[in-house]
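See below for the structure under consideration.
The values are calculated or read from the model by the stated rules, or taken from the named source; none is laboratory data. The shown structure was predicted, so the numbers you read here are calculated from the model rather than taken from an experiment. Cβ coordinates were reconstructed from backbone atoms using ideal geometry, including for glycine residues, and neighbour counts include every protein chain displayed. To get the accessible areas, we keep the full protein, side chains included, count just its heavy atoms, and leave off ligands, DNA and RNA. Shrake-Rupley method; radii C 1.70, N 1.55, O 1.52, S 1.80 Å.
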Amino acid sequence: MGQVFTINLSGSAFHYQLIKLNQINRIVESQILLQGTTVTLCKDEKGWTQKENTVPIVKELVQAIGNSISLRYRI
């Protein structure tokens with residue numbers, strides 16, 4: 001899981017790397033390295049959200065990264 005992925009959003013390119021991917025029941029947690037910062041994203045029935053708020057990320061970026069992970073790893 002050392003591959004670097006790129007998301008283009010609103011004319012800007014964001015690079016992230018998937019560090020860890022865990023699925024417990026219907027909740028998926030993915031730990032990513034987003035431009036030098038480690039962030040944990042969670043997927044539940046409502047969609048993708050950011051777990052911790054120490055470094056808040058734009059909601060659209062969280063959704064775009066989450067969708068990218070879902071398509072890549074079929075979760």
Q: Can you give me the number of residues within the range 58-75 that are touching a Leu at 6+ places or on another chain (Cβ under 9 Å) and assigned to a loop (DSSP other than H, G, I, E, B)?
A: 2
(Q) I'd like to check something: does the range 13-36 contain any residue that is among the β-branched types (Val, Ile, Thr) and touching a His at 6+ places or on another chain (Cβ under 7 Å)? (A) no
Q | Every pair of residues 6+ apart whose Cβ atoms lie under 7 Å, when the first sits in the range 61-75 and is free of Cβ contacts under 8 Å to residues at least 24 places away in the same chain and among the charged types (D, E, K, R) while the second is open to solvent by less than 20 Å² (accessible area, probe 1.4 Å) and outside any helix (DSSP H, G or I) | A | none
Q. Which pairs do you get when a residue that is without any contact (Cβ under 8 Å) to a residue 60 or more places away in the chain and closer than 13 Å to Ser70 by Cα, found in the range 9-33, comes within reach of a residue that is outside any strand (DSSP E or B) and of a type in the set (A, V, I, L, M), reach meaning Cβ atoms under 8 angstrom, with the pair 6+ apart or on two chains?
A. Leu18/Met1; Leu18/Ile69; Leu21/Met1; Leu21/Ile69; Leu21/Ile75; Gln23/Ile75; Val28/Ile75; Ser30/Ile69
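Among the residues of the range 1-18, write down those that are hydroxyl-bearing (Ser, Thr, Tyr), open to solvent by less than 70 Å² (accessible area, probe 1.4 Å) and more than 10 Å from the chain's Cα centre (by Cα). First the steps, then the outcome.
Residues of the range 1-18 hydroxyl-bearing (Ser, Thr, Tyr): 6, 10, 12, 16.
From what's left, open to solvent by less than 70 Å² (accessible area, probe 1.4 Å): 12, 16.
Of everything in the range 1-18, just one residue is hydroxyl-bearing (Ser, Thr, Tyr), open to solvent by less than 70 Å² (accessible area, probe 1.4 Å) and more than 10 Å from the chain's Cα centre (by Cα), namely Ser12.
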(Q) Name the residue that is surrounded by the fewest Cβ atoms within 10 Å (Cβ to Cβ), counting only residues in the range 19-57 that are over 16 Å from Thr6 (Cα atoms) and hydrophobic (A, V, I, L, M, F, W, C). (A) Ile24
